[in-house]
Amino acid sequence: GGELASFCYDISTYYIAAYYKLNHSAVPVHDPATIYYLLHPEKFKSRDVRVDVETHGKITRGQSVADWTGQTKGKINCKVLLEVDAKAFHKFFVSTIAVKDQIHATRPSKRPRLVKEDSDLPPVGSCKGPHTCCNPPVKPGQGVVRVGVGVIIVQEGRPGHVLVSRRKGSHGAGKVQLPGGHLEMYESWEDCAIREVEEETAIKLKKVVFAAVTDDPMPEEEKHYITVFMIGSCTADQEPQTMEPEKCDGWFWAPWGQVFHIPALDLRNLSVLKRKF
């Protein structure tokens with residue numbers, strides 16, 4: 001690689017070694033991820049929560065504390081990034097370095113190397129912390145099956161219509177989708193549906209009931225979902241707001257009879273819902 005690639009290799013070697021010596025099995029990439037979010041927010045999944053910084057504790061001073069359940073009743077003041085499209089981030093990170101090095105390819109490098117290219121790293125640590133500390137590397141065939149919740153919203157005074165939007169971003173861009181998202185730990189299907197709908201559309205559901213469940217393996221994307229569909233109703237005075245403009249082009253009411261004929265509909269096993277309704 002060029003001068004910048006060599007520099008990144010050198011400092012990364014020290015950085016990774018430091019975490020391995022502390023018995024971590026994974027290494028966070030804080031600053032590059034922050035810059036990547038500013039450039040491509042659509043590549044991330046996030047959640048708006050209340051975050052405070054501990055300033056008085058002896059052990060926890062300086063620690064950021066997120067109120068995930070709303071128990072402090074504090075005003076939401078922070079967007080916490082939860083997931084990133086790792087493949088897209090890696091491609092962007094490497095290509096950015098390559099482009100920079102290509103621009104300065106004719107400039108001789110005078111920077112001394114910090115490490116030898118064949119330097120060995122310490123053994124990978126064996127993290128004993130929670131799964132959120134160092135997620136173990138996923139081997140082929142050992143991926144996690146995730147649970148998604150999709151919500152069919154019906155509105156009083158608007159019979160035969162459901163709320164949909166068209167996706168933005170890398171995953172499923174241009175496809176029509178229902179409101180919904182990932183089921184969180186210890187969360188009920190009903191609570192997940194209510195939370196996701198309010199986060200994405202600002203609509204407060206009045207009643208939520210189970211509709212159907214589908215098995216959605218996606219080997220081409222190296223993903224596998226179990227999708228739970230719920231039906232929720234809302235009052236006639238509520239209209240959807242686009243709370244996450246980086247993820248969709250806006251919400252609109254579509255006739256239920258026409259939903260299954262939308263070419264770009266992002267529902268995998270339509271037959272289950274067709275039979276259900």
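The values are calculated or read from the model by the stated rules, or taken from the named source; none is laboratory data. The structure presented is a predicted model; accordingly, all values stated were derived computationally and were not measured. Ideal geometry is used to build each Cβ from the backbone, glycine not excepted, and the neighbour counts take in all protein chains shown. Only protein heavy atoms, including side chains, enter the accessible area calculation; ligands, DNA and RNA are left aside. Shrake-Rupley method; radii C 1.70, N 1.55, O 1.52, S 1.80 Å.
Using only C-alpha atoms and all pairs of different ones, pull out the Kirkwood radius for the range 7-103 in Å with one decimal.
It is 16.3 Å.
How much of the accessible area of the range 11-81, in percent, comes from carbon and sulfur atoms when a 1.4 Å probe is used?
After summing per-atom areas, the C and S share lands at 58 percent.
Can you give the FRET efficiency to the nearest 0.05 for His30 and Gln71, using r as the Cβ-Cβ distance and R₀ = 35 Å?
FRET efficiency, His30 to Gln71: 0.80.
Starting from the 7 Å offset along Cα-to-Cβ, what nm value, one decimal, do you get for the label separation of Ala18 and Tyr186?
Each label point is offset 7 Å from its Cα along the Cβ direction, giving 3.4 nm.
Which value, in Å² and to the nearest 10, is the accessible area of Leu4 when all protein chains are kept and the probe is 1.4 Å?
Surface accessible to solvent at Leu4 totals approximately 60 Å².
Ordering Met218, Met243, Met185 from largest to smallest accessible area (1.4 angstrom probe), what's the sequence?
Ranked from most to least accessible, the order is Met185, Met243, Met218.
Give me the extension gain from Lys91 to Glu220: residue separation times 0.36 nm, minus the current Cα-Cα distance, reported in nm with one decimal.
The Lys91-Glu220 span can extend by a further 44.6 nm.
Once you place label points 7 Å from the Cα toward the Cβ at Thr60 and Leu39, how far apart are they in nm?
A separation of 3.6 nm, rounded to one decimal place.
Which residues among the range 238-255 fall inside the zone where the amide N is under 16 Å from a point 7 Å beyond the Cα of Arg158, along Cα→Cβ?
In the range 238-255, the label zone of Arg158 (backbone N under 16 Å from the point 7 Å along Cα→Cβ) covers 238-243, 249-255.
At 1.4 Å probe size, put Trp253, Trp68 in order of accessible surface, largest to smallest.
Trp68, Trp253
Going by the alpha-carbon gyration tensor, a ≥ b ≥ c the square roots of its eigenvalues, is the range 49-89 rounded (a/c under 1.5) or, if a/c is not under 1.5, prolate (a/b greater than b/c) versus oblate?
Since a/c reaches 1.5 but b/c is at least a/b, the shape of the range 49-89 is classed as oblate.
Sort the range 147-190 into rounded, prolate or oblate with this rule: let a ≥ b ≥ c be the square roots of the eigenvalues of the Cα gyration tensor; rounded if a/c is under 1.5, and if a/c is not under 1.5, prolate when a/b is larger than b/c, oblate otherwise.
It is oblate, given that a/c is not under 1.5 and a/b is not larger than b/c.
Please compute, for the alpha-carbon atoms of the range 154-236, the extent along each of the three principal axes and give them in descending order in Å.
41, 31, 21
Which entries in the list Lys75/Lys206; Lys21/Lys79; Lys43/Lys73; Lys79/Lys168; Lys21/Lys43 go over 27 Å, if you measure between the two C-alpha atoms of each?
From Lys75/Lys206; Lys21/Lys79; Lys43/Lys73; Lys79/Lys168; Lys21/Lys43, over 27 Å: Lys21/Lys79; Lys43/Lys73; Lys21/Lys43.
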